[in-house]
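The values are calculated or read from the model by the stated rules, or taken from the named source; none is laboratory data. Keep in mind the model is a prediction, meaning the values are calculated, not measured. All Cβ positions, even for glycine, are placed from backbone atoms using ideal geometry, and neighbour counts span all protein chains on display.
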């Protein structure tokens with residue numbers, strides 16, 4: 001498919017193709033889900049990562065000592081690309097744990113009277129924030145508008161230094177970026193970057209422009225790395241205490257896998273070097289063409305590689321099944337699925353439709369399938385609506 005997308009033309013599909021069924025396999029499926037297969041350089045070196053990268057790096061000789069050198073090289077890659085001191089970087093195996101360590105660690109320091117978070121923060125972020133109540137910290141929830149912009153209300157000058165803000169740079173569900181950096185100390189949630197180097201650059205700019213950043217969390221899946229590796233960067237000047245029971249003053253790896261760390265470093269180096277592709281154009285194309293459907297909401301405006309599409313009074317689970325029959329695999333953040341019993345708190349907080357929600361992730365590997373996906377989505381939406389009348 002040409003990346004010069006047609007603008008303003010209607011998408012039609014021959015009636016005879018509506019019942020076409022394609023078996024969904026790893027090879028045939030057009031994967032528009034949040035997670036994707038590893039890139040070719042990662043797949044080609046999997047055996048190396050797991051045979052040479054799983055020896056105890058604390059050993060002073062043998063395979064463990066060699067692995068320690070590899071991990072140090074990986075650490076330097078993260079430090080260089082993320083523009084963070086190597087000494088500030090810690091590897092964590094679980095996203096909830098990463099946020100808990102960050103939020104509770106700063107709250108436990110006793111430096112902050114108030115923590116403010118937003119209504120569209122991740123559930124584990126909100127849960128960790130609620131845990132700080134026992135530490136004598138007041139909580140303040142910031143609302144969001146229809147565009148997804150967080151309303152961080154001004155804090156009195158006397159309270160700025162004592163107010164810690166959880167700042168979600170980009171929402172992973174909708175792809176919406178925040179444009180205003182809140183005042184005062186902040187924790188940066190950078191777990192939903194786009195798959196291009198400028199997303200990392202923006203996170204670096206937030207850290208450099210913040211008057212007092214405390215910590216930042218990155219997710220390796222943002223740049224094509226494996227699930228199970230998170231970067232927790234703690235400012236060496238920040239007020240932070242390890243909230244976990246420990247007798248060891250040296251911070252551990254928090255369960256992070258050495259092979260996954262090596263894989264993530266390689267993926268970050270590859271992805272950050274890539275030039276912009278046709279992903280933004282594909283996003284615009286989908287938004288324009290979906291205008292042929294009534295009663296739908298698309299969250300945000302310029303959301304790059306992510307799209308959250310809500311369709312009124314349409315069962316998301318059935319729509320996903322029919323898309324899958326054509327070989328298109330998507331995510332959902334809606335209440336109308338078998339695995340999720342409550343609406344997306346992000347969409348509800350923004351005040352947009354939570355019905356029939358599907359979420360797609362655009363990548364270099366799947367933008368060539370955008371037009372047939374669009375045709376399938378429009379056809380099945382119309383077909384389902386006619387059946388439900």
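Cβ-Cβ distances below 9 Å connect the following pairs, each with a first residue in region 204-232 that is on the phi > 0 side of the Ramachandran plot, a second residue that is assigned to a helix (DSSP H, G or I) and modelled with pLDDT under 90, and a separation of six or more residues or different chains: 224/42; 224/270; 224/271.
Conditions tested, residue by residue: (1) more than 15 Å from residue 350 (Cβ to Cβ); (2) buried (at least 23 other Cβ atoms within 10 Å of the Cβ); (3) touching a helix residue (DSSP H, G or I) at 6+ places or on another chain (Cβ under 7 Å).
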residue: 291; (1), (2), (3): yes, no, no
residue: 294; (1), (2), (3): yes, no, no
residue: 297; (1), (2), (3): no, no, no
residue: 306; (1), (2), (3): no, yes, no
residue: 310; (1), (2), (3): no, yes, yes
residue: 317; (1), (2), (3): yes, no, no
residue: 324; (1), (2), (3): yes, no, no
residue: 328; (1), (2), (3): yes, yes, yes
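Here the condition is being loosely packed, with under 14 Cβ neighbours inside 10 Å, at pLDDT below 80 and more than 30 Å from residue 209 (Cβ to Cβ); of 63, 23, 41, it holds for 23 alone. Does region 254-267 include one or more residues that are at positive phi and surrounded by fewer than 20 Cβ atoms within 10 Å (Cβ to Cβ)? Yes. Tallying residues that are part of a loop (DSSP other than H, G, I, E, B), within 24 Å of the chain's Cα centre (by Cα) and either free of Cβ contacts under 8 Å to residues at least 40 places away in the same chain or more than 15 Å from residue 256 (Cβ to Cβ) (or both) within region 87-116 yields 0. Of all the listed residues (268, 353, 347), the sole one being farther than 15 Å from residue 173 by Cβ and either in contact (Cβ under 8 Å) with a residue 40 or more places away in the chain or under 21 Å from the mean Cα position of the chain (by Cα) (or both) is 268. Summed over region 117-126, residues that are surrounded by fewer than 22 Cβ atoms within 10 Å (Cβ to Cβ) and assigned to a loop (DSSP other than H, G, I, E, B) total 1. Looking at this structure, is residue 109 out of contact with any helix residue (DSSP H, G or I) (no Cβ under 6 Å at 6 or more places or on another chain) and modelled with pLDDT of 95 or more? Against the criterion (out of contact with any helix residue (DSSP H, G or I) (no Cβ under 6 Å at 6 or more places or on another chain) and modelled with pLDDT of 95 or more), residue 109 does not qualify. Look at region 156-176: where a residue is not assigned by TED's automatic domain parsing to the domain that holds residue 146, no partner that is assigned to a strand (DSSP E or B) and surrounded by fewer than 24 Cβ atoms within 10 Å (Cβ to Cβ) sits 6+ places away or on another chain with Cβ atoms under 7 Å. Among the residues of region 272-290, those that are within 22 Å of the chain's Cα centre (by Cα), farther than 12 Å from residue 362 by Cα and not in a loop (DSSP other than H, G, I, E, B) comprise 272, 287.
Residues that are crowded, with 23+ Cβ neighbours inside 10 Å, touching a helix residue (DSSP H, G or I) at 6+ places or on another chain (Cβ under 6 Å), assigned to a strand (DSSP E or B) and in contact (Cβ under 8 Å) with a residue 60 or more places away in the chain are absent from region 188-202 altogether.
Evaluated against (1) at pLDDT 90 or above; (2) assigned by TED's automatic domain parsing to the domain that holds residue 77; (3) within 30 Å of residue 373 (Cβ to Cβ); (4) in a helix (DSSP H, G or I), residue 226 falls short on exactly one condition, (4). Do we have any residue at all in region 163-178 that's in a loop (DSSP other than H, G, I, E, B), touching a strand residue (DSSP E or B) at 6+ places or on another chain (Cβ under 9 Å) and over 23 Å from residue 303 (Cα atoms)? No, region 163-178 has no match at all.
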